Every structure is written in C-alpha cells, then in structure tokens.
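Below: the structure, in structure tokens.
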Amino acid sequence: MRWRLLSLITVLAAGAVAPFLVTDSILRFAINTLVMATIAVSWSILARAGQESLGHAAFFGLGAYVAALLTADGGASIGLAIGVIVVGGVVALGLALVLSTPLLRVQGAYFALAMLAVAEIFHRVALRLEFIGGQAGLLVAGIDSPLPTYHIEFYIIFFVTLLAVIISWRLKNTTFELATAALRDNITTATAVGISRVKYQRYALLISGFLTGLSGAFFVYLNQYAQPNIMFGIEFSLDPLVFALFGGFYSVVGPVIGAVLVRALDFYVFSPLLGSGSIMLYGGILIVAVLYFPRGITPLIDRGVARLRTRLEERGERHSPEEEQT
Amino acid sequence: MLTPIIDGLLFGSLYVLFGLGLTLLWSTTGIANVAHGWFVIAGSYIAYFVTAETGSLTAGLLAAVLGLAILAVPGYVAVIKPIRGKSLLNTILYTFGVGLIIEGALATAFTTDYRLIQSDVGSLSFGGDAFSGVRIAGFVAMAVILTLVWLLVHRTEFGIAMRGVSVNQDATMLMGANTDRVYFIVFILSAASAGVAGMFLGVTNSFYPHYALFPLINAFIVVVLAGVGSIPGLVIAGLGLGIVQSLTSSLLPVWTGEIISLFLLVSVLVFKPEGLFGEQEALR
C-alpha cells in the first residue's frame with residue numbers, strides 16, 4: 001500500500017514542477033498530448049470491455065460545446081472552468097447512457113460503424129445550429145488565473161489524465177476486468193454462467209464517455225474556439241484509437257505511451273517533413289498494428305525487457321551460445 | 001413535384017455508384033473496405049487532371065477507371081491479401097489505415113486545395129427545368145453499370161463463383177472455382193467502379209483529400225440499408241435516398257435529409273443488421 005502512495009506523490013510532484021522546466025512550445029505540445037492520452041485511455045476502457053468505437057468525437061465534441069456555451073459570455077475563473085469541465089463530462093455521460101441501450105445491442109463492426117454515424121450526426125447538426133455558431137463556431141476566452149495560462153492548463157489536464165489512468169487501473173482489480181476478460185475469451189460460456197455483456201459494456205461506455213467529455217470540455221479552453229469540423233472531426237475518433245492500438249490497450253499506461261510516442265513522432269518528424277501528409281503515419285500504424293501487434297507495443301517492450309533480463313542472468317551463470325538462440 | 005424527383009434520381013445514382021464497389025467486395029470477401037472512399041477521391045483527382053489536360057470528360061472518365069483498375073493490382077497485394085479471414089472490425093480498422101495513407105499521399109502530391117472538374121457538356125430540360133448533361137450521363141452510366149454487374153453476378157459462371165465464395169469459400173474451391181482469382185477480379189471491379197464514381201463526384205462537388213468521408217459515409221448508408229450484397233436493394237436504397245433527400249429539402253432545410261439518412265444507418269445497423277433487402281445476415 002505504501003509504495004502506491006509514494007508513486008502517486010512522485011507523479012504529482014513531477015507534474016507540479018514539470019511546467020517550470022520546459023519551454024512554452026514543449027508545454028503546449030505536452031498539454032495537447034495529455035488531451036489525446038486521456039481520450040485514448042477512455043477509448044481503451046471501452047475496448048477492453050469488447051467494443052471498439054469509431055466515434056468518440058461525439059463525446060469529445062459534446063463536452064467541448066457544453067463548455068463553450070456555458071462560458072461564451074466571457075473568461076472563466078479557475079473554479080468556474082473546473083465546474084464547467086465537470087458539467088461537460090456529465091453531459092457526455094448522459095449521451096453515453098442514451099446511446100448504450102440501442103447501440104450495445106450489437107457488437108464489433110456494427111457497434112463501431114454505428115458510433116461513427118452518431119459522431120457524424122453531431123457533426124452535421126452542429127454545422128447547422130445557429131445558436132451554437134453554426135459553421136463559424138464559437139469563440140471562447142481562456143482560463144483567467146494568476147499563474148501563466150499554460151501552467152494552469154497543464155495542471156488541469158494532468159489531473160484529468162491521472163484520473164483516467166487511475167480509473168482504468170482500478171478497474172483492473174475488480175469484477176469488471178474478470179467479467180470482461182471472460183466475455184472476450186468465450187462469450188457463450190461467459191453468458192451461460194450469468195455474466196451480462198450489456199451490463200459491463202454499459203459501465204465501460206459510461207466511464208469512457210464521461211472521461212472523453214471532460215477532455216473535450218477542457219480542450220475548448222485550450223483551443224479558445226469551438227468549431228464543428230474541429231470538435232466533431234474524425235481525428236478525435238481515429239487518433240485515440242491509433243494511440244491505444246500502438247501503445248496496447250490491454251495495459252493501463254499503453255495508450256498514454258502510444259499518445260506520447262506517436263504525437264512526438266508526428267510533431268517533430270513527420271509534420272515538418274510532410275505537412276498535412278503526416279496523416280500517413282497514423283494510417284501506417286493502424287495497418288501494422290492490425291497485422292503484426294494487435295496488443296500494441298507494451299507487450300513487446302515487456303517481452304524485450306524479460307528477454308534481456310534472462311540473457312543477463314544467463315551470462316552471469318554460464319555462457320553457451322546455443323541456448324541463447326531459444 | 002417532378003423536378004425534385006428527377007433531381008433525387010440524379011443525386012441518388014451517385015450514391016449507388018459509391019456503394020457498388022463497397023458492397024461487391026464486402027459480400028464476396030468479407031472485407032468492408034473503408035479505403036473505398038479514398039479510392040473514389042483518387043478517381044476524382046485522375047479525372048480532374050486528365051480532363052484539364054485533354055479537355056474531354058470522356059477521357060477523364062476512362063483514365064479514372066483504368067487508372068484505379070491498374071493501381072488495384074498492387075493494391076490487391078497490399079489491401080486484400082493480408083487481411084483475408086480477419087474479423088470484419090479488423091478489416092475496417094486496417095482499411096481505414098490504407099485510406100489515411102492514400103489521403104496523406106494525395107495531400108502531399110496535390111495539396112489540400114479544393115478542386116472541381118470543369119465541364120461544359122450542356123444541359124437537357126424536362127418540363128421547363130434544365131438538368132446538367134453530366135449528371136444525366138451519370139444516371140445513364142449507373143443504370144448501364146448496375147445492369148451489367150447484375151448480369152455478371154446472376155447470369156455467368158463467374159457470378160456463381162462469386163456468390164459461392166461469399167457463402168462458403170472452401171466448398172466453392174472444392175467445386176473447382178479459383179477463389180484467389182475471384183477475389184482478385186472482384187477487387188479490380190470494385191476499384192474501377194470507384195473511378196466512375198470519382199469522376200461524376202468531381203464534376204458536381206468540389207473535392208480535396210479529406211472529402212473522402214463524403215462518398216465513404218454515403219456508401220455505407222446505402223449498402224447497409226440495402227443489405228450487403230444485394231444489387232437491386234442497392235439501386236432502390238440509393239435512388240430512394242436521393243429522392244427522399246431531394247423531397248425533404250423542398251420542405252425542410254437541405255441538411256435534414258443528411259441527418260435522416262444517418263439516423264437510418266444507425267437504426268438499421270442496430271435493429272436490422274441484415275439490411276432492408278438482404279437475404280442473409282451480413283457477415284460479421
């Protein structure tokens with residue numbers, strides 16, 4: 001128990017000092033990455049329960065527009081902004097609740113496509129609704145604070161990401177994980193012993209929608225502009241999926257690692273070289289992940305570490321090149 | 001009353017053309033090819049450049065069809081071979097990846113500027129309203145192509161093999177059909193149909209690499225509504241959707257038609273996954 005508290009304190013301390021150690025451009029990159037990491041973690045909570053969504057932009061954009069509408073009149077103090085972000089999350093949770101009954105009737109590709117269509121419905125409606133700005137969108141003031149804006153933004157999203165990771169990690173030690181693992185392994189047997197697929201997938205969808213709504217509501221203050229093509233864009237549905245697949249969505253930190261690595265690669269290597277063509281990176285990862293590492297890179301890292309360890313131990317005891325090949 | 005119906009038929013034929021390649025490949029190979037939307041846009045780009053060079057829309061159309069059919073040969077190795085037999089969801093994720101790569105390549109090569117294929121083919125008038133000649137040509141092309149495809153599927157030995165493969169691949173192979181060849185040819189046909197769709201799309205709507213989502217989502221709407229693999233269903237769904245959108249747009253704002261069709265897509269996916277005209281439960 002004590003090491004958990006210690007590691008939590010270490011992470012919090014690292015987060016508290018991080019903004020003072022880096023330049024503004026790196027900080028902005030880090031904030032955007034944490035937004036994506038949060039969606040990727042929430043996406044993976046649902047994916048672990050057996051449903052891979054292609055429309056998380058619906059939750060993200062809804063949270064974003066709720067926050068934009070609530071604070072359209074002027075800047076938000078820190079307290080107000082936090083309250084509004086929570087409201088954004090709760091409204092997205094409401095959407096998840098409404099969607100859960102019809103959409104969870106089906107699984108796999110059918111659920112994924114239905115989510116894609118739902119996100120597109122929100123996108124098209126938002127483009128036409130005049131009171132939320134239509135195609136022109138809404139301008140939103142940033143968060144008022146005595147600290148530099150980026151610092152306070154970093155703290156908020158750092159906390160949200162931490163919350164998502166902790167929820168995802170706590171779920172690992174509950175009946176939720178056991179039930180969803182059983183459903184993944186053999187759905188017929190699992191259902192026969194009384195595990196309800198819909199029940200656990202509904203929990204996962206609610207949590208996932210809530211966390212994604214939080215990050216959407218936060219993102220409005222970062223972006224200071226809510227526009228349908230951005231907030232309900234397919235990027236917020238596909239990119240988190242790519243991060244989670246790349247990092248490995250059966251592990252808690254996999255989606256975070258995926259978001260950091262892929263976004264760094266995109267931001268510092270691909271975008272400067274290719275401009276808008278850098279989307280090829282995401283396509284390439286999807287292809288390779290589906291074919292070669294459906295469980296992401298974290299198991300590969302684990303295996304690599306384990307292999308290195310055994311090899312080092314072997315080298316200490318005896319040295320035989322034949323055994324090393326196995 | 002007549003004008004919106006004709007308008008709807010003309011728009012609807014575009015939806016039918018979007019859906020054709022998707023439904024052929026999906027029903028035969030069990031691959032829901034999301035990249036099809038980007039194939040269509042690639043067809044628009046080929047038609048755009050060839051038409052601009054030669055001044056002839058026919059040349060643009062032929063180039064788009066041939067170009068995509070030729071690109072589909074290496075594409076078969078990249079897209080179809082690796083994911084045969086994977087789950088439907090994995091084929092969707094994989095082909096999304098393929099689509100994003102095509103989008104990136106198009107954006108790098110041709111920038112993200114809006115483009116429109118220039119045409120001055122003239123127009124025909126019915127009952128006092130003029131309709132653009134290209135869109136009427138699109139309707140005729142759709143009718144001819146869909147008839148040919150129906151004949152291919154239902155009146156030839158190859159069509160028997162196609163339908164066989166979609167039900168049971170091993171049994172079809174044992175009956176002496178070359179299933180690899182069936183997959184290959186169906187993929188080429190599906191890509192070529194994207195060339196036709198791309199050319200007629202590029203004449204009426206301005207396009208850019210990310211615009212692939214428009215043909216893609218409409219293709220999914222008509223294919224899922226019709227039921228995967230149903231050719232008559234596809235024609236009814238596509239034309240019907242065009243007419244409904246056109247009729248609602250004369251009463252309600254234009255965009256309500258789009259929203260209605262998306263609601264229909266969700267409802268069919270969730271409540272009737274085999275589609276409205278499908279004979280069998282679609283492949284899962």
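Residues whose amide H lies under 5 Å from that of A:TYR225, counting only those 5 or more places away or on a different chain, are A:VAL140; hydrogens are built 1.01 Å from N in the peptide plane. Between the helical axis of A:197-223 and the dominant principal axis of chain A, each derived from Cα atoms, what acute angle in degrees is found, rounded to the nearest 10? For A:197-223 against chain A, the angle is about 60 degrees. Taking a point 7 Å out from the Cα of A:ALA141 in the direction of its Cβ, the residues of segment A:62-86 whose backbone N falls within less than 16 Å of it are A:68-82, A:84. Determine which residues of segment A:195-233 fall in the zone a paramagnetic label at A:ALA72 would reach in this model, i.e. backbone nitrogen under 14 Å from the point 7 Å along Cα→Cβ. Backbone N within reach: A:225-228. Dipole check for chain B: with +1 at the C-beta of Lys and Arg, -1 at the C-beta of Asp and Glu, and the Cα centre as origin, the magnitude is about 460 Debye. May I ask for log10 I(q)/I(0) of segment A:133-188 at q = 0.20, 0.22 Å⁻¹, from a Debye sum over the Cα atoms as equal point scatterers with solvent left out? Debye curve over Cα of segment A:133-188, log10 I(q)/I(0) at q = 0.20, 0.22 Å⁻¹: -0.81, -0.88. Partner shielding of A:222-235 amounts to 1, given as the average count of beta-carbon atoms from other chains within 10 Å of each residue beta-carbon.
The B-A contact accounts for approximately 3500 Å² of buried accessible area, totalled over both chains at a 1.4 Å probe radius. For segment B:28-128, dividing the convex hull volume of the Cα atoms by the residue count gives 152 Å³ per residue.
Here the average projected area of the convex hull drawn through the C-alpha atoms of segment B:83-183 stands at 10.9 nm². Across the protein assembly as shown, the fraction of Cα-Cα pairs farther apart than 46 Å, rounded to a whole number, is 19%. Modelled this way, with points 7 Å down the Cα-to-C-beta line, the labels at B:ALA130 and A:ARG105 are 4.8 nm from one another.
Counting only residues at least eight positions apart within a chain, or on another chain, the aspartates and glutamates with an alpha carbon under 16 Å from that of B:LYS81 are B:ASP180. Here the calculated FRET efficiency for B:PHE110 and B:LEU276, from their Cβ-Cβ distance with R0 = 41 Å, stands at 0.60, rounded to the nearest 0.05. Taking a Cβ cut-off of under 11 Å around A:SER168, the surrounding Lys, Arg, Asp and Glu residues balance to a net charge of +2, with basic ones at +1 and acidic ones at -1. Can you list the aspartates and glutamates whose alpha carbon sits under 15 Å from that of A:LYS199, skipping same-chain ones fewer than 8 residues off? Candidates past the 8-residue exclusion: A:GLU177.
Here each label is just a point 7 Å from Cα along the line to Cβ, and for B:THR54 and A:THR175 those points are 6.9 nm apart.
What the Kirkwood sum gives for chain A is a hydrodynamic radius of 20.9 Å, with every pair of different alpha carbons counted. Over every pair of different alpha-carbon atoms in segment A:214-302, take the mean of 1/r and invert it; report that Kirkwood radius in Å. Hydrodynamic radius (Kirkwood, Cα pairs) of segment A:214-302 is 13.9 Å.
Partner aspartates and glutamates whose Cα lies under 12 Å from the Cα of B:LYS272, excluding those fewer than 8 positions away in the same chain, are identified as B:GLU281.
Whole-Hz Karplus values for segment A:131-140 come out as 6, 10, x, x, 5, 5, x, 10, 8, 10 Hz, taken residue by residue from phi with 6.51 cos²θ - 1.76 cosθ + 1.60 and θ = phi - 60°; glycine and proline positions read x. Cα centroid separation, segment B:6-45 to segment B:163-191: 20 Å. For the protein assembly as shown, the share of DSSP beta bridges that are antiparallel, to the nearest 5, is 80%. Once the Cα-Cα distance is subtracted from the 0.36 nm per residue extended length, the A:LEU6 to A:PHE159 segment shows a gain of 53.4 nm.
Once the C-beta distance of A:ASP302 and B:ASP170 is scaled by a Förster radius of 41 Å, the resulting FRET efficiency is 0.60 to the nearest 0.05. A cut-off of 5 Å between modelled amide H atoms, ignoring neighbours fewer than 5 places along the same chain, links B:SER123 with B:GLY133.
Could you tell me what percent of the accessible area of the protein assembly as shown is made up of carbon and sulfur, with a 1.4 Å probe and every protein chain present? Summing carbon and sulfur atoms, their accessible area is 67 percent of the total for the protein assembly as shown.
The values are calculated or read from the model by the stated rules, or taken from the named source; none is laboratory data. Note that the structure is a prediction, hence the values are computed from the model and not measured. Note that we place each Cβ from the backbone using ideal geometry, even for glycine, and neighbour counts take in every protein chain shown. To get the accessible areas, we keep the full protein, side chains included, count just its heavy atoms, and leave off ligands, DNA and RNA. Shrake-Rupley method; radii C 1.70, N 1.55, O 1.52, S 1.80 Å.
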